[in-house]
Amino acid sequence: MVNIGLLGDISVGKTSILRLFVKYLNKGDIENVEGGKKCTVVKTDFSGEATLPGGDKENKLNEKETKTIHPNRVVFREDDTNKAHTIFAPGGDRKRAVVKMGIITISRIATHIIAVFSCDRDLDTQFQFFNDVRFFPYKIYVAINKVDLLERDDQEKLEKMKKSIESFFEKRKINIMDYFITCGERIEGFEDTDMYNNHVAEMILKITT
Ligand SMILES: Nc1nc2c(ncn2[C@@H]2O[C@H](COP(=O)(O)OP(=O)(O)OP(=O)(O)O)[C@@H](O)[C@H]2O)c(=O)[nH]1
Ligand SMILES: [Mg+2]
C-alpha cells in the first residue's frame, strides 16, 4: 500500500489534481493512459474543502471559490492485484494553524511525496511553503502544474524551472526521482489538454504501481 501526499503552496492545483484523478477512475479513462490499468475508487473525501463566498479575496491569487482547510483524500484499488492506495491533498495556506496541522500530518504519514508547483507564479514564493515542512523523505516527485499557462510550448522555461526546483531540494539533501508536467483541469482552447490531463493519471500510477 502506498500513501501519496500532494504538497505545495496555495492554489497550485493539488485538489484539482486529486479530483481529476477520481474522474479518470470513474470514467474508466485510467485504462487508456500510458501504463494504464483498471482501478476502482474505494472512497473519496473532499469534505476538507471550504467555500469562499466571493472568491479567495484574502489571497488575491485568483478568483477561486474553494480552498482546502482539512486534507482531502482518495482511496483507490488496483483491480488486478487488489492493492489499495491512498492519496492525500492537504491545503497550501500554511499560515492558518488548522491547515498547517494537515500539512504536517500528511508529510509524516505519506510514504511518497509529490511536490506540486504552478507555472503561473514565481518559484521563490512557492519554495517558502517547503521551508516550513519539517518531515520529508529523501526522495520525492515533482509535478509542474498549470502548464497551459506557460507561453505556448516554452520548453526553455520548463527546463529552468526544473533546474531551480532541483537545486532548491538538493540543498536540503532531497533527491527528485521524476518530474511530471501536468494540467489539473480541462482547459478549453488548450489543444494539449488531454495529454497533460493524462499526465496526472500516469503520474499517480507510476508512483503507486
Ligand atoms: N489554468 C489552470 N488552472 C488550474 C489548473 N489546476 C488547477 N487550476 C485552478 O487553480 C485554482 C486552484 O486550484 P485548487 O485545486 O483548489 O488548488 P489547491 O492547491 O488545492 O489550493 P489550496 O488547497 O487552497 O492550497 C482553481 O481555480 C483551479 O481551477 C491547471 O492545470 N490550469
Ligand atoms: Mg486544495
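Suppose we keep only residues that are in contact (Cβ under 8 Å) with a residue 24 or more places away in the chain and away from ligand 1 (no atom under 16 Å from the Cβ) within the range 1-31. Which one would you say is nearest to ILE114 (Cα to Cα)? Before the answer, list the steps.
So the first thing to find is which residues in the range 1-31 are in contact (Cβ under 8 Å) with a residue 24 or more places away in the chain, and the list is 1-22, 24-25, 29-30.
Checking which are away from ligand 1 (no atom under 16 Å from the Cβ) leaves us with 1-3, 25, 29-30.
Values: MET1: 16, VAL2: 13, ASN3: 11, LEU25: 20, ASP29: 22, ILE30: 19 Å.
Restricting to residues being in contact (Cβ under 8 Å) with a residue 24 or more places away in the chain and away from ligand 1 (no atom under 16 Å from the Cβ), the top hit is ASN3.
Which of the residues belonging to the range 35-58 are in a loop (DSSP other than H, G, I, E, B), at pLDDT 95 or above and within 16 Å of ligand 2 (Cβ to nearest atom)? Result: PHE46, SER47, GLY48. Picking from residues in the range 76-98 that are assigned to a loop (DSSP other than H, G, I, E, B), of a type in the set (Asp, Glu) and more than 12 Å from ligand 2 (Cβ to nearest atom), the one that is surrounded by the fewest Cβ atoms within 10 Å (Cβ to Cβ) is ASP80. Would you pick out the residues in the range 1-55 that are polar (S, T, N, Q) and farther than 16 Å from TYR196 by Cβ? Result: ASN3, SER11, THR15, ASN26, THR40, THR44, SER47, THR51.
Tell me, please, whether a residue that is touching a Lys or Arg at 6+ places or on another chain (Cβ under 6 Å) and either surrounded by fewer than 16 Cβ atoms within 10 Å (Cβ to Cβ) or modelled with pLDDT of 95 or more (or both) can be found in the range 17-34. Looking through the range 17-34, at least one residue is touching a Lys or Arg at 6+ places or on another chain (Cβ under 6 Å) and either surrounded by fewer than 16 Cβ atoms within 10 Å (Cβ to Cβ) or modelled with pLDDT of 95 or more (or both). Could you check, for the range 180-189, whether at least one of its residues is more than 16 Å from ligand 2 (Cβ to nearest atom), touching a helix residue (DSSP H, G or I) at 6+ places or on another chain (Cβ under 8 Å), of a type in the set (Asp, Glu) and more than 30 Å from LYS83 (Cα to Cα)? No.
Before we move on, is ARG73 of a type outside the set (Asp, Glu), touching a Ser or Thr at 6+ places or on another chain (Cβ under 6 Å), crowded, with 16+ Cβ neighbours inside 10 Å and at pLDDT 95 or above? No: the conditions fail for ARG73. Quick one: in the range 99-113, of everything that is outside any helix (DSSP H, G or I) and of a type outside the set (A, V, I, L, M), which residue is surrounded by the most Cβ atoms within 10 Å (Cβ to Cβ)? Filtering the range 99-113 for residues that are outside any helix (DSSP H, G or I) and of a type outside the set (A, V, I, L, M), the one surrounded by the most Cβ atoms within 10 Å (Cβ to Cβ) comes out as HIS112.
The values are calculated or read from the model by the stated rules, or taken from the named source; none is laboratory data. Note that the coordinates shown come from a computational prediction; the quantities given were computed from them, not determined experimentally. Because the Cβ atoms are built from the backbone with ideal geometry, glycine has one as well, and the counts that use them run over all protein chains shown.
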